[in-house]
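K.L.:
Handing you this structure, nothing more for now.
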Amino acid sequence: MHAAQAISSMARWAVRLSFAILVVVVAVVFTPSTGATGHFNSDAAIPLIMANSEKVDGFFLFFLAQDRFGAWPFLVANACHRLTGLFWRPDGLHLFVVAALVASVFPLAKIASVSASLLGVVMLGGVVMVPLLQQNALTLDQPYSWQWLALMWAWGAMRQIVESRSREGDGPGAWIGLVVASVAGFLACWISPLSIVLLIVFATVEVIRARAPNSGVTSPVSCGHLVPPILLSAVGLLLVALIHHRASRELGYQYQITSAKFDWLFLGQNFLHQWRSFVSVRGPCIAVIAVALGLSAVFRRSVGPRAPTLAVWCGLIASACAVGAINVVLAWPRLNGYAARYHTLTVLALVSAAAIILARLAERIPIWARGLACIAIALGGVVFTPASRTDPYFSSNRAAAEALQERAPRSVLLGEYWGLYRYVALQDRGALLPITVEFSVNRMPWTSRDFGRADSILVSHQNSTRFGDPAAPVPFIYEHGELFEKTTAAWLVVGDQAFSLFSQTRGRRMTDAAVELGGQPWQVRDDRFVPDGELPPGDLDLVVTLDGARPRWLVVGFGKPLAPEQGGSAGAVAIEGPEVAPVPALAGDRTLAWPWPDAAKTLRVGSLIQTTGPDIEAVFLVGDDA
């Protein structure tokens, strides 16, 4: 007797230990610093910036500069930062994601009537084995772990509403369930509006289960009892979105509001692409395993037809199908190239469905065999996952961020989206001020107003060719209505990452001149020449006649990046003056610049091409330093 009890106790501890081992594996192996889920990039940097920000307003209610990824996890992290002084690092915030995924196991285990430790072992084993879940459920820049956590707690609260009504009518348990379901449902919908559909699926499953014979629910339950938390969740989402959009307008930041646009004209195309994408992530294999396990358990009477486990299995399979259908009928996946990440919830639901059946089957085998099986899964997770080592790419980015912080604290850093925010997120307090170039995603629009006030800026050459080669950058940068001149090429080089220094031309701009473009005189405004009215399209001649001192440079700023025929390559357009040989243009991304010849008083630039829209925006005469 004592030996049997000792074996039973050891087996239970073996299951718990296996669960803990897998939690550690997921927490340590798949951190951003290891690169196991992909290189740390600007998308992953935004949650860190939000978690450590000293500024929080309505714009922070969603992942910065979009309205489809609710930011409440990062607001919770930000509250921890403000209350405790904790400064989040990438690996630390990753632990927050892992905690969300692990916490989702407990409500699911309760409603499925299986051991939480057993379910955790099987679920995390599945996450470790499925690359799609590694790359999307364990990363900072994807919402799925948070969404799954809120959905599972909402489902568990719906079950409590049903069972409490059976025991005590409209007693305290039902009201507590209503509050928890409403809050969890709201958080799920805040993370993603798609959650509304899944909440409806789970509520429907609970009502069908409650009405089934021999379900154990004695008090009648209808859909009306589970509608209030879903409605409250939807209303909460609407209010949060309204606050966010108002804050966006106050910042002067406009973007296309995400809408559930049905893609009726592309249903066939969507289905084929989604199926191919689903096959590429081994979705059909996972689906077959999940369905086969459930059906075989029923036919072998391992799971009773009225058991809670079977109801939860049905709900998970139905939710997986619902997500797949939404991916076909809505336009958003097509507009984003049918990315594999849209299958994450489907695969997570299928893995969970398989996990609850396996957990229930494991409870029917001898307890010592159960413990050994869990240990085998945990050891498999340790052996077959990649070794935990620092990603050289992450180390290089961190070294560059530290060097920037040391040499240029609180400076303005200009760059393309993918070569910008990651440096800011990897810095300590007093980080750089990130500003994206125009026509690139701007996650922090309030920083643009500080661009013109900067005396000098650093530019990031990473993931961009707009500034030229680091060894020979473009001579001028025209961004956000301001003109900066090259000061030092490759001012900072860390490994293969280079940053150049540019200085503000304000204070060196000259306006003692007459400027005409296409025969129309231009007026002086804010130390530059701008058109007085709309310009006609076509080939236009620029004529500049000096009334005072000679500048060093004539610079033309364009409203958008230059096409090759507009002078996008050096020497494409020449400048001429009396007794002056043609001078080739020095081309930048949005500028053409010519050094002013000594002998010239009047210069003519022939055939500047004006296309549609505000193409040629400004003309600058840049002199020497004061």
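K.L.:
Report in % the part of the accessible area of the chain that belongs to carbon and sulfur, leaving out ligands and nucleic acids; probe 1.4 Å.
P.N.:
62
K.L.:
Tell me the net charge near Pro333. Cut-off is 10 Å between Cβ atoms, Pro333 excluded, with +1 for each Lys or Arg and -1 for each Asp or Glu.
P.N.:
Here the charged neighbours net out to +1.
K.L.:
For segment 28-82 and segment 388-402, compute the distance between their C-alpha centroids and round to whole Å.
P.N.:
19
K.L.:
Which whole DSSP H helices in the chain pass both tests: a Cα extent of 30 Å or more along the axis and a mean Kyte-Doolittle value no lower than -1.0?
P.N.:
2-29, 144-168, 227-250, 308-329
K.L.:
If you don't mind, there's one more thing I want to ask. Taking only C-alpha pairs under 8 Å that are 6+ residues apart, what is the relative contact order of segment 92-213 in percent?
P.N.:
25
K.L.:
Ok, one more. Students often forget the sequence filter, so: which aspartates and glutamates lie under 13 Å Cα-Cα from Lys601 once same-chain residues fewer than 8 apart are removed?
P.N.:
Of all the aspartates and glutamates, those that pass the test against Lys601 - Cα under 13 Å, at least 8 places apart if same chain - are Asp512, Asp547, Glu576, Glu579.
K.L.:
Describe numerically, in nm with one decimal, the distance between label points set 7 Å from Cα along Cα→Cβ at Lys261 and at Asn463.
P.N.:
So the label points at Lys261 and Asn463 sit 2.5 nm apart.
K.L.:
Place +1 on the Cβ of every Lys and Arg and -1 on the Cβ of every Asp and Glu in the chain, take the dipole about the Cα centre, and give the residue among Val619, Phe558, Trp446 whose Cα lies farthest towards its positive end.
P.N.:
Result: Trp446.
K.L.:
Let me ask you something else. Please state the relative contact order of the chain as a whole percent: Cα pairs under 8 Å, 6+ residues apart?
P.N.:
13
K.L.:
What aspartates and glutamates does Lys110 reach when the alpha-carbon gap must be under 13 Å and sequence neighbours fewer than 8 apart in one chain are set aside?
P.N.:
Within the straight-line limit of under 13 Å, Lys110 reaches these aspartates and glutamates: Glu163.
K.L.:
Something else: Would you indicate which of [x] 28.0; [y] 26.1; [z] 27.0 is the value of Kirkwood radius over Cα pairs in Å derived from the coordinates of this structure?
P.N.:
Among [x] 28.0; [y] 26.1; [z] 27.0, the one calculated here is [x].
K.L.:
If you take the charge dipole of the chain about its Cα centre, with +1 on Lys and Arg Cβ and -1 on Asp and Glu Cβ, which of His480, Phe69, Ala247 is farthest toward its positive end?
P.N.:
Phe69
K.L.:
Relative to the present Cα-Cα distance, how much length would full extension add between Leu83 and Arg246 at 0.36 nm per residue of separation?
P.N.:
Stretched out fully, the Leu83 to Arg246 stretch lengthens by 56.0 nm.
K.L.:
So for each of 523-530, 132-139 I average, over its residues, the number of other beta carbons within 10 Å; can you give me the resulting order with the highest mean first?
P.N.:
Packing order, densest peptide first, comes out as 132-139, 523-530.
K.L.:
Tell me, what HN-Hα J-couplings in whole Hz come from the Karplus equation 6.51 cos²θ - 1.76 cosθ + 1.60 at θ = phi - 60° for each residue of segment 437-445, using x for Gly and Pro?
P.N.:
Each residue's phi maps through the Karplus curve to give 5, 5, 6, 10, 5, 10, 7, 10, x Hz.
K.L.:
Now, a different point. Tell me, what ³J(HN,Hα) does each residue in segment 56-63 have, in order and in whole Hz, if you take phi through Karplus 6.51 cos²θ - 1.76 cosθ + 1.60 with θ = phi - 60° and put x for Gly and Pro?
P.N.:
9, 8, x, 5, 8, 6, 10, 3
K.L.:
Quote the accessible area belonging to Phe620 in square angstrom, nearest 10, computed with a 1.4 Å probe and with ligands, DNA and RNA left uncounted.
P.N.:
0
K.L.:
How would Leu586, Leu492 line up by accessible area, probe 1.4 Å, largest first?
P.N.:
In descending accessible area the options line up as Leu586, Leu492.
The values are calculated or read from the model by the stated rules, or taken from the named source; none is laboratory data. Please read all numbers here as calculations on a predicted model, not as lab measurements. Virtual Cβ from ideal backbone geometry, glycine too; neighbours counted across all protein chains shown. The accessibility values were calculated without ligands, DNA or RNA, using every heavy atom of the protein model including side chains. Shrake-Rupley method; radii C 1.70, N 1.55, O 1.52, S 1.80 Å.
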